1. Residues in the stretch 29-36: is at least one within 26 Å of the chain's Cα centre (by Cα), modelled with pLDDT under 65 and surrounded by fewer than 10 Cβ atoms within 10 Å (Cβ to Cβ)?
2. As an exercise: evaluate L108 against (1) under 45 Å from the mean Cα position of the chain (by Cα); (2) loosely packed, with under 10 Cβ neighbours inside 10 Å and give the number of the one condition it does not meet.
3. Does K22 count as among the charged types (D, E, K, R) and modelled with pLDDT under 85?
4. Condition first: small (G, A, S) and touching a strand residue (DSSP E or B) at 6+ places or on another chain (Cβ under 7 Å). Can you find one or more residues in the stretch 79-96 that meet it?
5. How many residues does the stretch 40-94 hold that are surrounded by fewer than 11 Cβ atoms within 10 Å (Cβ to Cβ), modelled with pLDDT of 85 or more and hydroxyl-bearing (S, T, Y)?
6. Inside the stretch 62-112, can you point out the residues that are under 30 Å from T41 (Cβ atoms), part of a helix (DSSP H, G or I) and among the hydrophobic types (A, V, I, L, M, F, W, C)?
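The values are calculated or read from the model by the stated rules, or taken from the named source; none is laboratory data. Every value quoted in this text rests on a predicted model; they were computed, and no experiment measured them. Here the Cβ is made from the backbone with ideal geometry for all residues, glycine too, and neighbour counts use every protein chain on show.
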Amino acid sequence: MPVLIAGGIIFYYMRGGAAQAKYLTGAASRGPGAIGDPVTTVQVGSYDSRPITAIYADFNAAVKAGERVAKIDPRPCQVKGNEAAAALANARRSDRCVALRVTISARLANSS
């Protein structure tokens, strides 16, 4: 066992085991086009899971109040609106059918 330990120590020093780690250092600086620290940080997101069709601002870009940042796909809402309009039309048609049946039933009852 002592021979293995001695062999390990010799191998460690022969391959340069105790050498200093080498680091590259330099001064910190801002890159081109960098802006200062943000005045206000906001989370941007939507309340639903519709897809985004266009993005008008880059990550960490400065934006002004009211400036458009992204465009959300309006098609899913348009489909829901069309479905609601169709359901309303069907309900109105059904209501007219019920009113017509009541009128016919009343006339038949009066004619007998």
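1. Narrowing the stretch 29-36 to residues within 26 Å of the chain's Cα centre (by Cα): 34-35.
Keeping just the survivors that are modelled with pLDDT under 65 gives 34-35.
If we keep only those that are surrounded by fewer than 10 Cβ atoms within 10 Å (Cβ to Cβ) too, we end up with 34-35.
Yes, the conditions are met somewhere in the stretch 29-36.
2. (1)
3. yes
4. No, because not a single residue in the stretch 79-96 is small (G, A, S) and touching a strand residue (DSSP E or B) at 6+ places or on another chain (Cβ under 7 Å).
5. Matching residues across the stretch 40-94 total 1.
6. Matches in the stretch 62-112: C77 only.
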